[in-house]
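Q: Here it is, the structure, as structure tokens.
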């Protein structure tokens, strides 16, 4: 009797262990979601109009589609040329009034429509810090963006078809440029 009970217990333990080893964790993310999140983390420093010109190439390589829809705070515009003009205006304002304006990503969540992460939506959040030309440092600003992404077969690349951003610089509403 002792042998039968031990054998039965052993069989149950093996079955349970095998089942647990083959279970996918509940927090596992699909590969497409991870790929889209990583892509966005690479895009953020390329598109944010700070005190450099690093954002300009994205407007020249068709990653931003010609008929992109942009909402920036309360402004809504359509078209890559209009978006670029707004980015240039914002960049000039930042350069004229601050010595630095830093956007640090704090979170990215993606919703991929395919296993490769070619199409979907991404929501990114960030914290902003700025230093005025007089040396005053302000922290605690926030930024967020919702981005719609569509795969372009010709380019073999993800493209941005919609960009919705809400940006509240530090020291709101007493901005150094007000």
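The values are calculated or read from the model by the stated rules, or taken from the named source; none is laboratory data. Remember, predicted model here, so these are calculated numbers, not experimental data. Backbone-built Cβ (ideal geometry, glycine too); neighbour counts: all protein chains shown.
Q: Would you confirm whether or not the range 161-175 contains a residue that is surrounded by fewer than 19 Cβ atoms within 10 Å (Cβ to Cβ), modelled with pLDDT of 90 or more, more than 17 Å from residue 70 (Cα to Cα) and under 17 Å from the mean Cα position of the chain (by Cα)?
A: no
Q: Another question, if that's okay. Collect the residues in the range 80-106 that are surrounded by 15 or more Cβ atoms within 10 Å (Cβ to Cβ), farther than 14 Å from residue 159 by Cβ and touching a helix residue (DSSP H, G or I) at 6+ places or on another chain (Cβ under 9 Å), keeping them in residue-number order.
A: If the condition is that a residue be surrounded by 15 or more Cβ atoms within 10 Å (Cβ to Cβ), farther than 14 Å from residue 159 by Cβ and touching a helix residue (DSSP H, G or I) at 6+ places or on another chain (Cβ under 9 Å), then 84, 87, 101, 103, 105 are the ones that fit.
Q: So, one more: I'm trying to understand the selection: among the residues of the range 131-160, which are within 16 Å of the chain's Cα centre (by Cα) and either surrounded by fewer than 16 Cβ atoms within 10 Å (Cβ to Cβ) or more than 23 Å from residue 70 (Cα to Cα) (or both)?
A: Of the residues in the range 131-160, the ones within 16 Å of the chain's Cα centre (by Cα) are 142-150, 158-160.
Residues satisfying the conditions are 144, 146, 150.
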